There are 2 protein chains.
Amino acid sequence: MSVPAGNLLAGLPSGSLRDEIFTTLTDTASLSGTVRIERILSTGQASPDGFWYDQDWDEFVLVVLGGARLQIEGEAERALGPGDWMMIPARQRHRVAWTDPAAPTVWLAVHIGAQKPPQKIRQGETA
Amino acid sequence: MSVPAGNLLAGLPSGSLRDEIFTTLTDTASLSGTVRIERILSTGQASPDGFWYDQDWDEFVLVVLGGARLQIEGEAERALGPGDWMMIPARQRHRVAWTDPAAPTVWLAVHIGAQKPPQKIRQGETA
């Protein structure tokens, strides 16, 4: 399953450009027409061992500040820093392997077609 | 017309919290089920004098880097910096009054229910 990803802060010019540059990151039809955008603040939390998010909606995530590692099932962990984004398709199993315990990590998440808020995972709980 | 707005980087803790904090910024039904997320890179551009964006879809915008001033019709200009976000409802006339000419400004925009890409405005052109 393809997971489009990129860094919002990559390839910045050193001077002024004549025009703004509009880059479409993702253009998708939603499941239900419901969109929920949220801030997630992490301070070292991660998904419990063996836990996978398995959502029936697409989720766009952006790290605005801090650092994290996100794992797509069957892949190595991906390190994410400020500006890194991922578009996680519905049913793509994934977990948060690590967030920086030394400083806050701020995410922007756009839940596209979400029927309900994502399950809240607490450290030390089983899913 | 209400324009929910906030700063993603406000109120950060100095240490670790027991749990992550999930904050819903906006929870809305879209017009069409189509969601488009884009990066916008500005290097001093602004909307031409007298021009207003007047879109038939909701748009969430976030300043990830840099600085800008956004004007909602009938209001004073609002200064936006890194982390500042706004949810601009459909039909809410607005314009970009200023972006920092000295350094790049990176926006994240989520177009909710957009039927087509937003009109591209070039400096010096009339809308």
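For the interface of chains B and A, what total accessible area is buried with a 1.4 Å probe, rounded to the nearest 100 Å²?
4600 Å²
What gaps in nm, shortest first, separate A:Ser14 from its twins in the other copies when you place the label 7 Å past Cα toward the beta carbon?
Here A:Ser14 shows inter-copy label distances of 4.0 nm.
What does the accessible area of B:Asp58 come to, in Å² to the nearest 10, when a probe of 1.4 Å is used?
B:Asp58 exposes around 20 Å² with every protein chain in place.
The values are calculated or read from the model by the stated rules, or taken from the named source; none is laboratory data. Everything numeric in this text was worked out from a predicted model, so none of it was measured. Note that each Cβ is placed from the backbone with ideal geometry, even for glycine, and that neighbours are counted across all protein chains shown. Each accessible area value is taken on the protein alone, full model and side chains, heavy atoms only, with ligands, DNA and RNA left out. Shrake-Rupley method; radii C 1.70, N 1.55, O 1.52, S 1.80 Å.
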